[in-house]
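Readers should treat all values here as calculations from the given coordinates under stated rules, not as data from a laboratory. These numbers come from a predicted model, not from an experiment. Using ideal geometry, Cβ is built from the backbone for each residue, glycine included, and neighbour counts are taken over all protein chains shown.
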Amino acid sequence: MSGTESEYDHPHCHDDRPLVFDGSVAIQIGNYGVQNNYFTLAFPDPVELGAQRLGHVVLAQWCQEAALRELLGPDPIPVRWRAASGPELADHVERTGRPGGASAADLASFARAFLHSERRRLVVLGEPGSGKSSFAVLLVIELLEQMRAGDPVPVLLPLASWRPAEEHLTSWLEYQLLREYPYLDRGMVRELLARNRILPVLDGLDELPAAERPNALRALNTALAAGAPLILTCRTEDYRTAVRSASVVRQAAVVEADPLTAEEAAQYLLGSASPQQQERWRPLTDALRDDPSCPAAEVLRVPLMLWLCRTAYGRPDPGGIPGELADRGRFPDAAAVESHLLDSLVPAVYPVGPQPPPQPGRRASREASWEGRRADPQRVSHWLGFLAQHLERRGTPDLAWWELGTAVRLGPRMVVIGLACALGVGLFVGPVDGTWAALGYRGPEPGMWPRLVEGIVIGAADTLINAVPAAVAFALAHGIGSVFKGGALEPSRVRIRLGRGARPSGARSGHEILARAGLGIGGGLAGGLGIGLIQGVVRKLLSDDPYALRVGLVDAVVYGVMFAVAGGLVGAAMAWCEAPEAIESAPGPRELLARNRKAVLLQWLLFAPLFGAAVAVEGWPAVELLNGNLLGIRLGWTIPDGLRFGLLTAFGAGLGTVLSLTAWGQWTVFARLWLPLTGRLPRTAMEFLEDAHRRGVLRKAGAIYQFRHTRLQQHFARPEVRPSRVEVEKCSRR
């Protein structure tokens, strides 16, 4: 199956089974107490219904991903799985049973045996690149296909983000499920976990820091109730090292990948080639069979390297000759063969020349914006190198679009956010205040030119007076938010609920609404005080007004009170209108970005005017309460003043909040503007990531991307692999 296919040509990817309901009721129809009709209605157990819906979503999610990873083709890489050797890797056989073997060609029987086992716990081990993650994906599909009522739903989750010393396993699982499947509400997730209706398939214990792995094993054994199901993948040596400091996963059978033989590698390469291309592969396959100990044979025993070989030399053009891998003069050892295959991936999947037309559908124009251009391999390597180095610095394989801004250090990031907010606020405030001043001109010189000059001068001054406070305030807000959140702000997984219908399950509770109101009050108070004081300082620097600082202090008090009241009102209203996503699907990165953009813009459209209106209305009673005077400064508030100030506040506060405190705003500032301007990513970053996923360089795990294998991430992160920016700019000018 081609890696660009989107339809599921696999029997397990079509599931139209009816939902299983239980419970019955007798209904009486008729008069005089005569029961003349009796029938049974099926009422669903909510947890059973939730489990089955989740199963359908997970099946669709991983069938699509398996197709893109070319895991569902007719000729899979022939990896075999056997019971792990060594008693130190598994619990007592009386507790685990004896696991049967498995192969890529016959996973159904292995899944059937797992479902019928008493413990339903499994540890999957193998060397780097042996296919553990692919095995986990295919096993999830098989288990879902064979799932019966009452069986747990297998949910595959990358383990890299878990910190067992800081977060309980159940809390982490709950958070991950709510993040990946936002249509679920918290109560349903907790009930599914409590009833053991979730089978966590935890991929990549080895991707945790080495010091955390023993903690993770202890936490797994402590947190999982007796009988709770589990599947865990890990590299063999990393698991062996971890269990020495902790313990094996109790009651878990352990299977391990067998390395491929040279004969199996040769058969796979010939079998996956078209009949017309098989002769190109003969020199290599003959060398593998004749000398199974040669460097090429040693490398191609690993499924990842076998896939790289097929990808690098699979094109029909004469540019690559597979037999060169058997040349000991060019490739004297296994490291040289491996390095060559890793280097060959980008030129193979990003060939120079005309690109294929975009996939049909509503996304065609967006795909064309990336795919229609010439994808120079050197530029692609530069961008992939930046992403890989970003992940290596963070110590994770998880590439989340909302975390790309953290590739910039916090200090410079605050400066960029401040500049973006200042530019946006200044470009709006200047024209509005300038127009307002020109229309209200009452100077001694009549005519259009004096009016125009008045508008330009007032507009320019107000631009500076408002842009600088906006830059400082929202840069600080972004910095404080980043510190308290411990990194990037995650995208909201909610929708805005309008109308008078019943509040849906999972809507905000009264306690959460009050908490959001309190947050709005605190944020409004801090923002108002800060903006007023900064405006006073800016006025003092721009003029000789002796009262500038006192005016700034008065503004700070008045703004602080007004913004606090408006912020509390908006915070409560937003919390009231929020509800979990209604779409029953697992959003990918692009879908999550689109939903977050829609939610953020809708919130701005609805609640920024509410904030501005509240501020406009509050002004008059605030002035009256203070008897028009504070600290010797005369206060005034007219209806036009209120309208103008409300309009400017609605736009400025809304824009600054969006850019500094939302995931989509930070994506826009950094991934769409700053990182492309500095040459670290293409302008259409999401299209680039989606295209890299379609070409097999990246893979998806829910709403995040990962390099297809951590070995690829490590390879691209090497400085010698990533071309310099100067070299990339030369390529772009050709």
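A few comments on the model shown:
- Efficiency of FRET between ASP45 and ARG112 - r from beta-carbon atoms, R0 25 angstrom, step 0.05: 0.50
- In nm, spacing of pseudo-spin labels at ARG218 and SER247 (7 Å Cα→C-beta vector): 1.1
- Share antiparallel - DSSP beta bridges, the range 46-258, percent rounded to 5: 30
- Fewest-first sequence of VAL551, VAL58 by Cβ atoms within 10 Å of each Cβ: VAL551, VAL58
- The convex hull defined by the C-alpha atoms of the range 389-487 has an orientation-averaged projected area of 8.0 nm².
- Ordered by the count of other Cβ atoms within 10 Å of each Cβ, fewest first, VAL483, VAL380, VAL425 give VAL483, VAL380, VAL425.
- Amide H contacts under 5 Å for ALA701: GLN706, restricted to partners 5 or more places along the chain or on a different chain, H placed in the peptide plane at 1.01 Å from N.
- Amide H contacts under 5 Å for VAL254, placed H, 5+ residues apart: ALA84, VAL123
- When you work out D = kT/(6 pi eta Rh) for the range 46-258 at 4 °C and 1.567 mPa s, using the Kirkwood radius from C-alpha pairs as Rh and the Stokes-Einstein form, the result is 75 µm²/s.
- The alpha-carbon positions of the range 524-615 define a convex hull whose volume is 119 Å³ per residue.
- Gain on full extension, evaluated as 0.36 nm per residue between SER344 and VAL453 minus their Cα-Cα distance, stands at 32.9 nm.
- The ranking of SER660, SER133, SER117 by Cβ neighbour count inside 10 Å, starting from the fewest, reads SER117, SER133, SER660.
- Each residue, LEU643 and ARG289, gets one label point 7 Å from its Cα in the Cβ direction; the gap between the two is 8.8 nm.
- Distance from the Cα centroid of the range 183-247 to that of the range 289-339 is 37 Å (rounded to whole angstrom).
- Think of each Lys and Arg Cβ as +1 and each Asp and Glu Cβ as -1; about the Cα centre, that makes the dipole of the range 262-349 roughly 220 debye.
- HN-Hα J in Hz across the range 533-546 - Karplus 6.51, -1.76, 1.60, θ = phi - 60°, x for Gly and Pro: 5, 5, 4, x, 5, 5, 4, 5, 6, 8, 8, 9, 5, x
- Estimated from the Cβ-Cβ distance and a Förster radius of 35 angstrom, the FRET efficiency linking ARG328 and ALA211 is about 0.30.
- The simple spin-label model puts a point 7 Å past each Cα toward its Cβ; for VAL352 and HIS511 those points are separated by 6.3 nm.
- The stretch between GLU445 and VAL537, if pulled fully straight at 0.36 nm per residue, gains 29.9 nm over its current Cα-Cα span.
- Each Lys and Arg adds +1 at its Cβ and each Asp and Glu adds -1 at its Cβ; summed about the Cα centre, the range 46-258 shows a dipole of about 540 debye.
- The range 262-349: translational diffusion in µm²/s, Stokes-Einstein, Kirkwood Rh over Cα pairs, 37 °C, 0.692 mPa s: 260
- Prolate/oblate/rounded label for the range 50-172 (Cα gyration tensor, a/c 1.5): rounded
- Full-stretch length increase - LEU606, THR170 - with 0.36 nm per residue and alpha-carbon distance subtracted: 153.3 nm
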